[in-house]
1. Rounded to the nearest 500, what is the 222 nm mean residue ellipticity of the chain from helices alone, with -39500 (n - 2.57) per DSSP H run of 4+ residues and division by all residues?
2. Remind me, relative contact order of segment 117-265 in percent, using alpha carbon pairs under 8 angstrom and six or more residues apart?
3. Given the C-alpha centroids of segment 255-320 and segment 396-410, what is the distance between them in whole angstrom?
4. Assigning unit charges at the beta carbon (Lys, Arg +1; Asp, Glu -1) and nothing else, what dipole magnitude in debye, to the nearest 20, does segment 72-113 show about its Cα centre?
5. So I have (i) 22.0, 91; (ii) 26.9, 99; (iii) 21.6, 73, and one of them is Rg and Dmax of the Cα atoms in Å calculated from this model. Which one is it?
6. Using the crude model of +1 on Lys and Arg Cβ and -1 on Asp and Glu Cβ, and no other charge, please compute the dipole size for the chain relative to its Cα centre, in debye to 20.
7. Under a Cβ-only charge scheme (Lys and Arg +1, Asp and Glu -1), can you give me the dipole magnitude of segment 352-403 about the Cα centre, in debye to the nearest 20?
8. With helices defined as uninterrupted DSSP H runs, which ones in the chain have an alpha carbon span along their own long axis of at least 24 Å and mean Kyte-Doolittle hydropathy of at least -1.0?
Amino acid sequence: MTLELRVKTKAVLGKQFIGLIIVARFFKPQKKQLTSEKQTFTINSMNHEGLGVTRVNNKVVFVEGALSGETVQAKQLTNKSKFEKYQTVKVIEQSPFRVTPFCQHYQACGGCQLQHLDTQQQITEKQAAVDKLFEKFANVSDLPWQLPLSSKPTHYRRSGRVAVIYDKKKDTFLVGYRQKQSKKIINIESCDVLVRPWQALFTKIRNLLLDLNAGNTISHLQLCSVESGDYLIVRHTKPLKSKDVAQLQQVCHANNWQLVLNSEKGVFDSQETPYYLLDDYQLKLFFGFDNFIQVNADVNKAMINQALNWLNLTREDKVLDLFCGIGNFTLPLATQCKDVVGVEGVASAIELAKLNAKENQLPNAEFYCQDLTENIKSQDWFNREYSVLLLDPSRMGAFDILTQLKLKRFSRILYVACDPVTMARDSKLLINAGFKVSKISLMNMFPNTSHIETMALFEKEN
């Protein structure tokens, strides 16, 4: 908005008065023009989003597809006042950690952004990025890093979502993922990060869709592979004819998939509740197809084991588990402590958590449904005495609840994070409350992607 001043004179009873009129004009700032010339950069580091970072004339430059130490030629994608963003088009001086991507769709697909970086070096770069975030937000350096939790770099993902788009002009279906830097869907032939039962999914479903009477009402597919089975959840926006359902059933039967229809009303027609196992604790956890579960089963199990190992619980410990979901941490905790209270904002997850505690004969686990962004100081569970706090929040972090909790009642706080920025921000609150980071590790839940999962143990300083 700009303000324009105008001077206006007016004669009243033979006298002149001078007045100021303020006129407000609204305008949209013009977009900065992108340069068509390719630029050459030497990359200093990588950030928490997996982008190469450098500076030009005291302005931050982010470069997609570039690695630390490389010199690259890049085209401009974004030009802002505080930063610019580029896409690598040619590597002039290559990092020794650059590798050939294993996926045929890597150049077009918007997933697995770091396939061009050696798997072990991915962990090194992610750890360095977390270091910088803790220095920036929590004023903490020299973090006490422990060994990372890793899994195989391919065929690790037990759940996923696949888009289905009908192209009227070409009378064909696109079955796949979003394109890089676009909302468009590209056809995928196979996806090597999905567990093996789903390798033939894309071509088989694409071939089937044209034979269905109402294939264009199918909007996406949800995949889920757990100990109770391999489930193909088909989301449709209008009711499917019995003939279409029969054809879907036939394909599923041939591939040992269990068909689950997800109707336009959001109802799942499954006759059973799926479950996964935590063998080390002899636990069976039931969940709904609309509930969150960790996509990497191996890292999930290692994560739980590490959490309990770091916390070193006794039968005297009382634990508060916030953002508990269906009880992924809560129930293993209940096998080793006096009692544990799990709190979660999703009602369906809490109902299943209660079921899981009952089915696994863990009466010392209680669950409450509560939006943890609200004022909750009046809640009964909030005002109890605890010795241990576990947090596993969404990407929003746990700032709202941490500002309400009486943190000094806890001797140990374990923070499991899927966003390193909010974790570093929230860590400042814990440090200010008298805690120190005693252990921290990366959990490579999503190899070959820029996602960073972190676990940190905070202990009260003497």
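1. Per the formula, -6000 deg cm²/dmol.
2. So the answer I get is 18 percent.
3. A separation of 25 Å, based on Cα centres.
4. It comes to approximately 160 debye.
5. Checked against the structure: label (ii).
6. Values: 58 positive and 46 negative charges, 526 e Å.
Rounded to the nearest 20 debye, it is 2520 debye.
7. My answer is approximately 80 debye.
8. Flagged H segments are 119-137.
The values are calculated or read from the model by the stated rules, or taken from the named source; none is laboratory data. As the structure is a prediction and not an experimental result, all values here were calculated from the model. We place every Cβ from the backbone using ideal geometry, glycine too, and count neighbours over all the protein chains shown. Heavy atoms of the whole protein, side chains included, go into the accessibility calculation; ligands, DNA and RNA do not. Shrake-Rupley method; radii C 1.70, N 1.55, O 1.52, S 1.80 Å.
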